[in-house]
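What follows is a set of notes on a single structure, which appears directly below.
The values are calculated or read from the model by the stated rules, or taken from the named source; none is laboratory data. The shown structure was predicted, so the numbers you read here are calculated from the model rather than taken from an experiment. Every residue, glycine among them, receives a Cβ derived from its backbone with ideal geometry; neighbour counts consider all protein chains shown. For the accessible areas, the whole protein counts, side chains as well, though only heavy atoms, and no ligand, DNA or RNA atoms are used. Shrake-Rupley method; radii C 1.70, N 1.55, O 1.52, S 1.80 Å.
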Amino acid sequence: MRIIFKTSYMQDIRPWKDRYQLSLYLILLGVVIAAPWWLDAFYLGELTNVLIWAIAGLGLMILTGHTGQVSLGHAAFLAFGCYANIILIEAGLPFLLAFPIAGILTGIAGVTVAIPALRLHGIYLAIFTMALSILMDDVIVLAEPITGGVAGKYIGGVEIFGFMVDRWATPVQFFWLVLAVAVLVTLGYINLLRAPLGRSFIAVRDSEVSAQAMGVDIAQTKMISFALSCAVTGWAGALMGMFSGAFNNETFSVLISIQLLMMIVIGGLGSIHGAFLGAVVIGFLPQFLSIAKEYVGAVFGGSTVAIPGLEFGIFGIILIAFILFEPMGMYGRWLKIRTWFELFPFYRKDMFKRQKSYLKTERLR
């Protein structure tokens, strides 16, 4: 059993519990930084894709995981950030200016969406955001002079401090760029949750009536949450466009929004770790299925022809299994295992018992 004794009030708001936890994070970061030396180009590209999905998951986690606002339309903001980034670069702005501005513009777009959505809750908000994701497809086609329409756009390498960063020509440099953005977004997210604003997000998620009674401005809090969530998602979309190289109106379909929501549910709602764990599943699942299919074909002599819908079918089965048996997601399961070892033999199953009834304050909706 490992017991952490608190000796100051600062320990309650530190980003990590103790030096041991900090050392684990630093070791993990060191292993990821050294990935180009122990991974080949293919798996390095897959790891880069996982980090991009993790950034997008962090964006949605702000809105859904910590503010409690369900969104099925974040593919629209991925597209907005992607197109804003390439349009600004084509206008002559350097990447180091175009990239942050693309995120800011996406955040402003999120605020405009939040204004009519402030009075919506639950399934109605989800339908509203899904409609936005479907509408974005038509907007991209209609704005052909700017977006390229069905033909789409192509983005090659970008120059950063005199170095060419390209997904295909210089995959190592592109990996470090994505890793740097992921680390900065994660550190910002950690500090957001420690600030009064982050605590307001959680209060709104748990009970809007109770949060309002404590002086939280519900409308303002939701608008800021939408803005921050869409800004981070816009940055992920810009990196996703650079990763794919070429994109059009079909690249960011509504299926991406559903996939993104399922990703954070499987990883663990309401936790930063959950965004990364869910990204690992969604990033490596296609490759795992491909390798498994070839292995089964080699062993049993079957066909290795691609099965339509296999990836989404397996992903749906995984989601259903987590909802039924582990609603807290992968990170929730890890918390239970870690707590069992830390508190053994005093661990009790009811420590993580789910609340099966609404608060009385929530019945006023």
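For segment 2-10, state whether one or more residues are in a helix (DSSP H, G or I), free of Cβ contacts under 8 Å to residues at least 24 places away in the same chain and either hydrophobic (A, V, I, L, M, F, W, C) or open to solvent by 30 Å² or more (accessible area, probe 1.4 Å) (or both).
Scanning segment 2-10 turns up at least one residue that is in a helix (DSSP H, G or I), free of Cβ contacts under 8 Å to residues at least 24 places away in the same chain and either hydrophobic (A, V, I, L, M, F, W, C) or open to solvent by 30 Å² or more (accessible area, probe 1.4 Å) (or both).
Tell me which of these Leu88 doesn't satisfy, since it passes every other one: (1) at pLDDT 90 or above; (2) within 20 Å of the chain's Cα centre (by Cα).
The number of the failed condition is (2).
Every residue, every condition in (1) of a type in the set (A, V, I, L, M, F, W, C); (2) touching a residue at least 40 places away in the same chain (Cβ under 8 Å); (3) outside any helix (DSSP H, G or I), yes or no:
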residue: Gln21; (1), (2), (3): no, no, no
residue: Leu44; (1), (2), (3): yes, yes, no
residue: Asn49; (1), (2), (3): no, yes, no
residue: Trp53; (1), (2), (3): yes, yes, no
residue: Gly59; (1), (2), (3): no, yes, no
residue: Thr64; (1), (2), (3): no, yes, no
residue: Leu72; (1), (2), (3): yes, yes, yes
residue: Phe80; (1), (2), (3): yes, yes, no
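Does Leu60 satisfy the condition of being in contact with a His (Cβ under 7 Å, 6 or more places away or on another chain) and of a type outside the set (Lys, Arg)?
In short, yes.
When you check Leu197 against the structure, is it part of a helix (DSSP H, G or I), open to solvent by 40 Å² or more (accessible area, probe 1.4 Å) and in contact (Cβ under 8 Å) with a residue 24 or more places away in the chain, yes or no?
Against the criterion (part of a helix (DSSP H, G or I), open to solvent by 40 Å² or more (accessible area, probe 1.4 Å) and in contact (Cβ under 8 Å) with a residue 24 or more places away in the chain), Leu197 qualifies.
Exactly one of these conditions fails for Arg119: (1) among the basic types (Lys, Arg); (2) free of Cβ contacts under 8 Å to residues at least 40 places away in the same chain; (3) surrounded by 13 or more Cβ atoms within 10 Å (Cβ to Cβ). Give me its number.
(3)
I'm checking my understanding of the structure. Among residues of segment 166-192 that are outside any helix (DSSP H, G or I) and in contact (Cβ under 8 Å) with a residue 24 or more places away in the chain, which one is least open to solvent (accessible area, probe 1.4 Å)?
Among residues in segment 166-192 that are outside any helix (DSSP H, G or I) and in contact (Cβ under 8 Å) with a residue 24 or more places away in the chain, the one least open to solvent (accessible area, probe 1.4 Å) is Arg167.
Each row is one residue, and each column tells you yes or no for (1) in contact with a strand residue (DSSP E or B) (Cβ under 7 Å, 6 or more places away or on another chain); (2) open to solvent by 30 Å² or more (accessible area, probe 1.4 Å); (3) among the hydrophobic types (A, V, I, L, M, F, W, C).
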position	(1), (2), (3)
Val216	no, no, yes
Ser225	no, no, no
Trp235	no, yes, yes
Ala238	no, no, yes
Ala246	yes, yes, yes
Leu260	no, no, yes
Phe276	no, yes, yes
Leu285	no, no, yes
Phe288	no, yes, yes
